[in-house]
Amino acid sequence: MKSRKRFITDKIYQSLITLISLIGLVILIAVFVFVFNKGSSLLSWDLLTGDYYSTVYDGYYDSELTTNLFVAPDDLDSDTYFSTRWGIALKDDLDREGHDYILIVYVDTESPLANLPDKNNEGEMVYMASGQSLDKIIFSDNTIMLSSKGAEAAISQFESATGIKDIMFTTAGKGIRGSLITTMYLIILTLIVALPIGILTAIYLHEFAPKNNKLVNILRRMVEMLTGVPSIIFGLLGAAVFIPIVSTVTGTEGGNLISGSLTLAVIILPVIISSTEETLKTIPDEYRQASLALGATKSQTTFKVILKSSAPGILSAVLLSIGRIIGESAALIYAIGTSIKDEIIVTERSTSLAVHIWSVMSGETPNFELASAISIIILLVVFVMNLSVKMIVKKISY
Amino acid sequence: MENAFTINQLNLKYGEKKALDQITMDIPKNQITALIGPSGCGKSTLLRTLNRMNDLIDNVRIDGDIRYEEQDIFAKEYDVINLRTKVGMVFQKPNPFPMSIFDNIAYGPRCQGIKDRKVLQEIVERSLINAALYDEVKDRLKESAKELSGGQQQRLCIARAIAMEPDVILMDEPTSALDPIATAKIEDLILELKKKYTIVIVTHNMQQAARISDNTAFLLMGELIEYDKTDIIFSNPKETKTEEYITGRFG
């Protein structure tokens, strides 16, 4: 009877463990599904590579419109309207902020609109291209087209027009290229600073420092403690220390990529030190002894055997750090600022993807869709990094 | 008969615990000297003192002296790195580095600054041939040493030691982690190596000591009880403790 009871209790425990782990799994999957659901509609190559700021072009067309007719491309959707006389296709759409606008879907290469004289700069040209939005036109008979009337009305006005006094169109904007590049810069600069210091510190603590030394143990405790400090505190440090230093050295003002990287380096340093030291602990003492018995010096042993054997572990530490760098927002708000930029210069302000999400969400009208789309990109970046590190580890480990 | 090592009045303490007590013995060149005795008798400690591997342990205090080729190895200005290139070591558990077979053997010469690929290739091949491993691994020198069998790994470790062209090879129970067939191969190899090298081997396998060694030292509780030609130790020991140990009455 007793063994039957034990069997049942065992089964109950097993099912409990399975159930609870399932709950965790479901929550994680739900997060993914939510983000993908919200953001996938905005996901596009243009979002990745586009400028954040849109540029307004202002042109005119005062020559005689040639009589040849353009042919609509075959792949136009049914809700797209085509002007055979001007060779452009338009469609109603919602922008990344959720407002109505007229999207330019197609501009024939021969179309008179493909290159127009610039209204504001004599002798310059402006170029209309697909992906831009059409804002306003004043035709030569003084009729006005407004984007609020919709694409169909605009096309019918085009079909009867002979010349254009003023045409305004805008590049898409709201792209995240600048923030993506900033994030990449941050990862590279931060790792360049933090990796050598972190790895060498861990090597000192584990291989060279005297064993059971009080001071060394206190140092180790402090490093461990630092891994738990909220990053916003490091952000304050960055604002108070790194920004002034970098500003003085480079002669620029305010937060910049370098001060941001230095702050992030301080944040990930304890992570790198701790996980590298954990890896060093797993390297069997036999390797050290074998190396020393072959007449290798201590530093040869450390760099040729110990460090080489711990490379997979150190790479996981790097991966952890990259995750931390990509995900960091609080500290960066102080250390580089929140201004989104298109042209990235390391000594100037710009912002990472995580802070980009923050600014998208903290405006007067929070944009869930755009934030989710950026989140998907962050997830993808982390995923790709993960895969490549795993592949490298597989390559280098014996 | 020339001596590789002359050990005189050697005492060694781990903290307060005495591990070696007044050891005095000579280790002759180009012979196999076996150190036997029960666990904890100090035989491994003695072996590790010969290439100063005990330096790595904290709290070790040594007095007395060991002369290697007439030089005091504990002298302040003595070059330990150089000693270890001349006195190689093979450990109890096969411990190849997590690298390719080639890199394992080339490791020691590379640490000495040899970079020429051709020279390294030659050293690796010669060492593997001398360690009777070449035929088994010649087609996979680039593969991980960790994929070899235990016996092959141990022969690789011997090849790695030979690559340094040492004069002495210290072996710390080199076959205790191996099966009988691998053990037999290593023993054959040791007998072959004797022609070129001085070998000091720690073993707790008395048949092994009897089979391969020329001299045998019996240690007990850190003291050298008896040291003589192997056939005398095993056939006609002078001390009763030695007799009791080799006939299996204790240990």
**Asked** Across peptide A:280-293, how many C-beta atoms of other chains are within 10 Å of each residue C-beta, on average?
**Response** 5
**Prompt:** Mind checking the dipole of segment A:54-170: about its Cα centre, +1 per Lys or Arg Cβ, -1 per Asp or Glu Cβ, Debye to the nearest 20?
**Reply:** 200
**Asked** Per residue, how many Å² of accessible area does the protein assembly as shown show with a 1.4 Å probe?
**Response** 50
**Message:** At a 10 angstrom cut-off on C-beta neighbours, averaged per residue, how do the peptides B:193-199, A:68-74 rank from highest to lowest?
**Reply:** B:193-199, A:68-74
**Where only C-alpha atoms are counted, convex hull volume of the protein assembly as shown per residue in Å³** = 290
**Asked** Using the beta-carbon distance between B:VAL119 and A:ASP10 and R0 = 45 Å, what value does 1/(1 + (r/R0)^6) give for FRET efficiency, to the nearest 0.05?
**Response** 0.10
**Prompt:** GNM on chain A, C-alpha springs below 10 Å: top fluctuator among A:VAL35, A:VAL249, A:VAL305?
**Reply:** A:VAL249
**Asked** Under the Kirkwood approximation applied to all pairs of distinct alpha-carbon atoms, what is the hydrodynamic radius of segment B:101-251 in Å?
**Response** 17.0
**Asked** Using Cα atoms only, what is the angle between the long axis of helix B:117-130 and the major principal axis of chain B, expressed in degrees (0 to 90) to the nearest 10?
**Response** 50
**Request:** Taking each pair of different alpha-carbon atoms in segment A:177-397 once, compute 1/r for the pair, average those values, and report the inverse of that mean as the Kirkwood hydrodynamic radius in Å to one decimal.
**Result:** 18.8
**Fill in**
For A:255-266, B:237-248, ranked highest to lowest by mean beta-carbon neighbours within 10 Å, the order is A:255-266, B:237-248
**Request:** Send over the semi-axes of segment A:167-224's equivalent ellipsoid, whole angstrom and largest first, taken as the square roots of 5 times the C-alpha gyration tensor eigenvalues.
**Result:** 48, 11, 5
**Request:** Evaluate the charge dipole of segment A:1-113 about its Cα centre and quote only its size in Debye, nearest 20, assuming +1 on the Cβ of each Lys and Arg and -1 on the Cβ of each Asp and Glu.
**Result:** 2220
**Asked** Taking segment A:75-187, how much of its Cα-Cα pair set, in percent, is spaced more than 17 angstrom apart?
**Response** 58
**Message:** Probe radius 1.4 Å, ligands and nucleic acids left out: can you give me the accessible area buried at the A-B interface, summed over both chains, in Å² to the nearest hundred?
**Reply:** 2000
**Request:** Quick one, could you list the DSSP H helices from chain A stretching 15 Å or more along their long axis (Cα atoms) with average Kyte-Doolittle hydropathy of 0.0 or above?
**Result:** A:2-39, A:177-203, A:214-226, A:257-282, A:311-327, A:368-396
**Dipole-positive endmost among A:PRO210, A:ILE176, A:ILE197 within segment A:127-217 (Cβ charges, Cα centre)** = A:PRO210
**Asked** Which of the peptides A:42-51, A:120-129 is most tightly packed, and how do the rest follow, judged by the mean count of other Cβ atoms within 10 Å per residue?
**Response** A:42-51, A:120-129
**Request:** Please report, as a whole percent, how much of the solvent-accessible surface of the protein assembly as shown comes from carbon and sulfur atoms (probe radius 1.4 Å).
**Result:** 57
**Nearest-0.05 FRET efficiency for A:ILE17 and A:GLU152, computed from C-beta distance (R0 56 Å)** = 0.35
**Prompt:** If eta is 1.306 mPa s and T is 10 °C, what Stokes-Einstein diffusion coefficient results for segment B:3-246, Kirkwood Rh from Cα pairs, in µm²/s?
**Reply:** 86
**Fill in**
Under the 7 Å Cα-to-Cβ spin-label approximation, B:GLN112 and B:ASP214 lie apart by a distance in nanometres of 2.3
**Asked** D for segment A:1-137, whole µm²/s, Stokes-Einstein with Kirkwood Rh over alpha-carbon pairs at 10 °C and 1.306 mPa s: what number?
**Response** 79
**Fill in**
Shielding of B:96-108 by other chains, given as the mean Cβ count within 10 Å, works out to 4
**Request:** Just tell me how shielded A:308-320 is by partners: mean number of partner chain Cβ atoms within 10 Å of each residue's Cβ, no decimals.
**Result:** 1
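The values are calculated or read from the model by the stated rules, or taken from the named source; none is laboratory data. Bear in mind that the values here come from a model prediction, so they are computed numbers and not experimental data. No Cβ is skipped: glycine too gets one built from the backbone with ideal geometry, and neighbour counts run over all protein chains shown. Accessible surface is based on the protein model in full, side chains and every heavy atom, while ligands, DNA and RNA are left aside. Shrake-Rupley method; radii C 1.70, N 1.55, O 1.52, S 1.80 Å.
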